[in-house]
1. Need the failing condition index for Ile27 against (1) farther than 21 Å from Gly122 by Cβ; (2) β-branched (Val, Ile, Thr); (3) under 15 Å from the mean Cα position of the chain (by Cα), just the number.
2. Out of (1) touching a strand residue (DSSP E or B) at 6+ places or on another chain (Cβ under 8 Å); (2) over 13 Å from Arg116 (Cβ atoms), the odd one out for Lys35 is which?
3. Given the criterion hydroxyl-bearing (Ser, Thr, Tyr), under 14 Å from Leu211 (Cβ atoms) and either modelled with pLDDT under 95 or out of contact with any Leu (no Cβ under 8 Å at 6 or more places or on another chain) (or both), identify the matching residue among Ser48, Ser88, Ser101, Ser22.
4. Find the residue count for the range 42-63, including only residues that are in a loop (DSSP other than H, G, I, E, B) and among the hydroxyl-bearing types (Ser, Thr, Tyr).
5. Within the range 27-41, can you find the residues that are over 30 Å from Ile215 (Cβ atoms), assigned to a helix (DSSP H, G or I) and of a type outside the set (Lys, Arg)?
6. Which of the following residues is more than 25 Å from Tyr186 (Cα to Cα), of a type in the set (A, V, I, L, M) and not in a helix (DSSP H, G or I): Ala77, Ala66, Ala9?
7. Exactly one condition in (1) part of a loop (DSSP other than H, G, I, E, B); (2) of a type in the set (S, T, N, Q); (3) modelled with pLDDT of 90 or more is false for Ser191; which is it?
8. How about the range 36-56: which of its residues are of a type outside the set (A, V, I, L, M, F, W, C), farther than 18 Å from Val107 by Cα and crowded, with 18+ Cβ neighbours inside 10 Å?
Amino acid sequence: MIKEAEKFAGTVIYDILTAVDSLYNDIDADQKIWKAKSPMQCPDGCGSCCVHFEPEVYEAEALYLAAWMLENQSERAERIAEADSGASIGGDGCVLFDPESPYHCTVYGGRCLICRLFGFSGDHGKDRRIRWKPCRYMEPSVVAGNAAGGISGTPINGTGTVQDVQTGRQYGEEEMMRLFGAVPPYMGAASSSLLALNPDDTHPLPLRIALPAAIKKLKMLLHFITPPEPDCPSPHPLSA
């Protein structure tokens, strides 16, 4: 994201973009550890969690996505900003979801917080301990040692993984440590870190509303901070 943020250097927006980028990098690092231990993974080309789902996002998330789009999908960002209403930039569900693409998310590099957390993060119960419930669309991952670790099920093709890791049930922190040797990142900590960037921003908005507003805000800021183009020099220099 540094490339996308550079043009806003010296502004509060730059600070927000780099802070969100740092948060997302931390999430990626924590999830990398969890995914290496987790018994479950998303099926290739799934995207079921995005169908009929539209994220509600805070301004910091929307600004990050807007900056990413202005850098990587500028024409599309312009069209979204110029749309008459949120309803006109997409149908039901996420306006950036493409059912025809094998990857579905069309803005993966700039995607919002919940899109990064879903499936590979946990919440906590009344005891304040982390818990995790696998998405029902997940399938067993090839993680050696899971069967030996005590997960019930039938090993697949002689590997250490199992077929029925019970996607419908919830795992507690102690059980995950015993079975997998790790716990997923805590969703609440990531959300709190995001909210701390702008404590006044307490009301998330549907993506189709938040994104056009964020793109317009960044475009207006760029209009004021971008130096004007220099006048073209005369092809015939004036004599002294």
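The values are calculated or read from the model by the stated rules, or taken from the named source; none is laboratory data. Only a predicted model underlies this, so the values are computations on that prediction, with no experimental measurement involved. Please note: Cβ atoms are built from the backbone with ideal geometry, for glycine as well, and neighbour counts cover all protein chains shown.
1. Unmet condition: (1).
2. Single failed check for Lys35: (2).
3. Ser88
4. Of the residues in the range 42-63, 1 are in a loop (DSSP other than H, G, I, E, B) and among the hydroxyl-bearing types (Ser, Thr, Tyr).
5. Result: Ile33, Trp34, Ala36.
6. Ala9
7. Failed condition: (1).
8. First pass over the range 36-56, keeping only residues of a type outside the set (A, V, I, L, M, F, W, C): 37-39, 41, 43-45, 47-48, 52, 54-56.
Checking the rest, the ones that are also farther than 18 Å from Val107 by Cα come to 37-39, 41, 43.
The answer is Lys37, Ser38, Pro39, Gln41.
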